[in-house]
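The values are calculated or read from the model by the stated rules, or taken from the named source; none is laboratory data. Predicted model only: the values in this text are computed from it and were never measured. Note that each Cβ is placed from the backbone with ideal geometry, even for glycine, and that neighbours are counted across all protein chains shown.
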Amino acid sequence: MARSRSAALISTPEAEFAEIIAWYEEQLRTTAPPVDLEWEPVKIGPTWQWENGWVLPELTLGWRVLAWCGKWLRDKHGHPWQFTPEQTRFVLWFFAVDETGDFLYHSAVLQRLKGWGKDPIASCLGMAGCFAEVTFDHWKRGRPIGREEPSAWVQIIAVSQEQTKNTMKLFPSLVPAETRAYYGIQIGKLNVYGLGDTRQIEAVTSSPLAIEGGRPTLVIRAETQNWNSSNGGHDMAGALEGNAAKSERGAARMLDICNAYRPGEDSVGERAREAYDATVGANPTTVDFGLLYDSLEAPPDAPLTAEAAPAVVHSIAGDSYWLDTRPNGRIVKSILNPANPPSESRRKWFNQITAAADAWLTPQAWDLLGTPPTPVPADEERVVLFFDGSKSDDATALIGCHIDTGAVFHVGVWQRPAGWDSKRRWLVDRDDVDHRVREACEKWDALGLWVDPSDARDDETGERFWEPLADEWARIQTWELPAVKTGDFAHPVIWDMRNPRHLKLFTEAAERFTTDVTGQSFRHDGHKVLAKHVHNARRRPNKFGVGLGKEHRESARKIDAAVAAVGARMMRQMWLAIPRQEMTYEAMFV
C-alpha cells in the first residue's frame, strides 16, 4: 500500500492486514466529494452519499476483503493492489451485513460509464470470493468476523465469450507468483483453480441448460445491458437466479457490471433497473428484495456538445483518474464522431438511459423538470385531480395539478408489485384507492376530479369496476370543474376516454404536454413511479394527432400515471380558459 510494508515492521499477516485497513480508513477520512464540478451527477446507491463524512455501513466484512486484495493482488505495474476511494466504498457496501450476520444485499448492480474500471473490480472480487473471508462466521466484540468459502465456486458469465475475456484476461497480471504458490493457483483462459482444485473461477457462456443445477457461491454477470431474449440472456438469468436461491444460507451472491441499457430492448440490465426503481418511492406494496444498485449518471440537462462534454464526463468519472476527459481527448472525439449516434454516446460516456426511438418524451427532458423536486401543493391549495382506473393488468393512477403553478404531482399509483407471482391474480385495492381520493379532497381545495374508469368489470356484480366508487366520489362535494355536466351521460366525475370527443381533446392535450415539457413550462414532484410511467410511454398517432400508449398491448411497462398527468394538465388548462360564469361542459370546449 502507500506505506512501507517491510518485514522488519510487519511480521505477521494479521499485522499486515491491520496496516492495509488503517490505510483505507485514512483514505476515506481524508477524501470528500468534489465541490468544483460544473455538472452535479445523479447519484444512485450509497457509494456517493455524504453526511459530514462518507456514509458507510455499520457492519461489513469488506474491510478484510480490502486487506486481502491489498496483500495478495497486484496492479498492472506490479504494485500492491489499491482500490480507489469510490471502489472502496462500493466494496464495503457490497459486503455489508445486518445484526444477524446476513448480507444486506444478496445482489448488486455496478453501473458506470465505459472505461471506469468495472472489469478490474470484478476480477478482484472474483479472486476474493475464492480465497478471502467473504462469508460471515461469528461476532467478535460486536464486529462481524468472516471465513473463507471452503468450496468456493465463482462464475463469470456473459452471453458471448468476448465479454468474459475482459475480466478473465486480467488474472495473469493480477495474481503474482507468491500468491499462486501460496494458494496453489493455476490460471487458464477460461478457468482459475486453487487449493487442490477445491476452489475455482470459471468463465461461462454456455446455454441455460448447462448452467442450471450449479451451486456457485458468487456469480459475476458481465454486460447485462446486452442480455436479452434473442441471445438467451433471460433464460440464463433465470437459471442463475434459481441456482443462487437454492444455495446454502448466505452463500450465493450476484454482481452485475454494466453500462446504461438501451430502453425498449427488455434486457436483463433494464429489468434489474426497473425492479430497483419499483422499490424506491413506490407504492407500499413493493418491498426491498436485497438489491444494491449503484450508478453515477450525468444530469438530465447535460448537453452533448464539444464544449460541455469534458466537464460532464469528468463529473461522472468518479475516482477513475485514468479516463481521458480532456477537451481533445479520446472520449470527446468519440462523442463528436458523427458515426456514433448521440443516444449511444449518452449511454456509454454519460451513463444515461436514453430514449427509445419512438419514445413519447426523453427521460432527460422529464427528469429535468423534477430536479430538484417541486414540493406538492400546501394544504388548501387549489388543485385538479385526474384518475386513470384499471382492475389488474394495468396500473391505477391518481395525479394532481396545482392550479396556480401548473406543477404536476403524484397522489397515488397502484400496480402489481415487482416480483409478484404470475400464477397469482392481483387486484387493485379499491378501499385503499377510495381512502386516497377522499384524503386528497380533504387536504386540498380540489376543483375537479375526472375519472377515466376503463371498461373493466366486477367479477361478482358484472358492473363496471369503478362506477360505484365514481358515483360516491361525485357526492363528496359540489365539483366546480365537472367532468360531463350536460347530455345523456352527464356525470360530475366520470370522463370516459372511449368517447371520441374526449379522445380528441386528450390527444391535443398530450401534444401540448410534450411541448410544455420540452419548453420547461412547468415542474413536477420528481416521483419515481410517475417518472417511470412517463419514460415507458411511446408515441401513438391516431386520427386526431399524436397521443401516447404502451409499447404494445401486452407490455408490462405501465404508463397510466403519465396518462393521468396529461389529464390533470388538461383539466387545469380548461379551468384557466373559461370564464367562471359560463362553467358548463359546452363552454369548456368552445
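Go through (1) crowded, with 20+ Cβ neighbours inside 10 Å; (2) among the acidic types (D, E); (3) in contact with a strand residue (DSSP E or B) (Cβ under 6 Å, 6 or more places away or on another chain) for E86 and report which single condition fails.
Tallying (1) crowded, with 20+ Cβ neighbours inside 10 Å; (2) among the acidic types (D, E); (3) in contact with a strand residue (DSSP E or B) (Cβ under 6 Å, 6 or more places away or on another chain), E86 fails exactly one: (3).
Filter segment 483-500 down to residues that are over 39 Å from the mean Cα position of the chain (by Cα) and either assigned to a loop (DSSP other than H, G, I, E, B) or under 17 Å from A568 (Cα atoms) (or both), then give me how many there are.
So the first thing to find is which residues in segment 483-500 are over 39 Å from the mean Cα position of the chain (by Cα), and the list is 484-492.
Adding the requirement that they be either assigned to a loop (DSSP other than H, G, I, E, B) or under 17 Å from A568 (Cα atoms) (or both) leaves 484-490, 492.
Here the count works out to 8.
Residues that are of a type in the set (K, R) and either over 33 Å from the mean Cα position of the chain (by Cα) or in the same structural domain as M127 (by TED's automatic domain parsing) (or both), at least 1 per element: which strands (runs of 3 or more DSSP E) completely within segment 137-212 meet that? Give the steps one after another, and end with the answer.
On the way: elements: 143-147, 153-157, 191-194, 199-204.
Counting at least 1 such residues, we get 143-147, 199-204.
Which condition breaks for V563 when tested against (1) at pLDDT 95 or above; (2) β-branched (V, I, T); (3) not in a helix (DSSP H, G or I)?
With respect to (1) at pLDDT 95 or above; (2) β-branched (V, I, T); (3) not in a helix (DSSP H, G or I), V563 is out only on (3).
So is L304 part of a strand (DSSP E or B) and either within 19 Å of I353 (Cα to Cα) or modelled with pLDDT of 90 or more (or both) or not? Before the answer, list the steps.
Values: part of a strand (DSSP E or B): no; either within 19 Å of I353 (Cα to Cα) or modelled with pLDDT of 90 or more (or both): yes.
The answer is no for L304.
Criterion first (over 27 Å from P482 (Cβ atoms), hydrophobic (A, V, I, L, M, F, W, C) and part of a helix (DSSP H, G or I)) does A510 satisfy it?
no
Results for (1) at pLDDT below 85; (2) assigned to a loop (DSSP other than H, G, I, E, B), shown as yes or no for each residue.
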| residue | (1), (2) |
| --- | --- |
| M236 | no, no |
| E241 | yes, no |
| A244 | yes, no |
| R249 | yes, yes |
| A260 | no, yes |
| D266 | no, yes |
| V280 | yes, yes |
| T285 | yes, yes |
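Can you name the number of the only condition in (1) more than 24 Å from G129 (Cα to Cα); (2) at pLDDT 95 or above that V35 fails?
(2)
Of the numbered conditions (1) under 30 Å from A298 (Cα atoms); (2) part of a helix (DSSP H, G or I), F83 satisfies every one except a single condition; which is it?
It is condition (2) that F83 fails.
Restricting attention to segment 398-433, report how many residues are part of a loop (DSSP other than H, G, I, E, B), over 24 Å from the mean Cα position of the chain (by Cα) and loosely packed, with under 15 Cβ neighbours inside 10 Å.
7
Can you report the number of residues in segment 458-482 which are in contact (Cβ under 8 Å) with a residue 40 or more places away in the chain and not aliphatic (A, V, I, L, M)?
Residues meeting the conditions: 4.
Go over the candidates D137, D119 one by one and state the one that is in contact with a strand residue (DSSP E or B) (Cβ under 9 Å, 6 or more places away or on another chain) and more than 20 Å from R64 (Cβ to Cβ). Spell out the reasoning first.
On the way: D137 fails: more than 20 Å from R64 (Cβ to Cβ).
Answer to the selection: D119.
Does L104 qualify as being of a type outside the set (V, I, T) and farther than 21 Å from R199 by Cβ? Please lay out each step first, then the result.
Values: of a type outside the set (V, I, T): yes; farther than 21 Å from R199 by Cβ: yes.
Criteria met by L104.
Just to be sure before I move on: is D367 within 26 Å of P453 (Cβ to Cβ), at pLDDT below 95, surrounded by fewer than 24 Cβ atoms within 10 Å (Cβ to Cβ) and not assigned by TED's automatic domain parsing to the domain that holds A260 in the structure I sent?
Details: within 26 Å of P453 (Cβ to Cβ): no; at pLDDT below 95: yes; surrounded by fewer than 24 Cβ atoms within 10 Å (Cβ to Cβ): yes; not assigned by TED's automatic domain parsing to the domain that holds A260: yes.
Answer is no for this residue.
Just checking, does segment 314-337 include any residue being within 18 Å of the chain's Cα centre (by Cα) and surrounded by 22 or more Cβ atoms within 10 Å (Cβ to Cβ)? Reasoning before the result, please.
Taking segment 314-337 and keeping what is within 18 Å of the chain's Cα centre (by Cα), we get 316.
Subset that is surrounded by 22 or more Cβ atoms within 10 Å (Cβ to Cβ): 316.
Yes; the residues of segment 314-337 include at least one that is within 18 Å of the chain's Cα centre (by Cα) and surrounded by 22 or more Cβ atoms within 10 Å (Cβ to Cβ).
Being over 30 Å from E307 (Cα atoms), within 29 Å of the chain's Cα centre (by Cα), outside any loop (DSSP other than H, G, I, E, B) and aliphatic (A, V, I, L, M) narrows it down to one residue among L56, L28; which is it?
Values: L56 fails: outside any loop (DSSP other than H, G, I, E, B).
Only one candidate passes the filter, namely L28.
Taking the options D319, D367, D324, name whichever one is over 30 Å from D75 (Cβ atoms) and either of a type in the set (D, E, K, R) or not in a loop (DSSP other than H, G, I, E, B) (or both). Lay out the reasoning, then the answer.
Details: D319 fails: over 30 Å from D75 (Cβ atoms); D324 fails: over 30 Å from D75 (Cβ atoms).
Going through D319, D367, D324 in turn, just one is over 30 Å from D75 (Cβ atoms) and either of a type in the set (D, E, K, R) or not in a loop (DSSP other than H, G, I, E, B) (or both): D367.
I'd like to check something: does segment 133-153 contain any residue that is free of Cβ contacts under 8 Å to residues at least 40 places away in the same chain and crowded, with 16+ Cβ neighbours inside 10 Å?
Yes, segment 133-153 contains a residue that is free of Cβ contacts under 8 Å to residues at least 40 places away in the same chain and crowded, with 16+ Cβ neighbours inside 10 Å.
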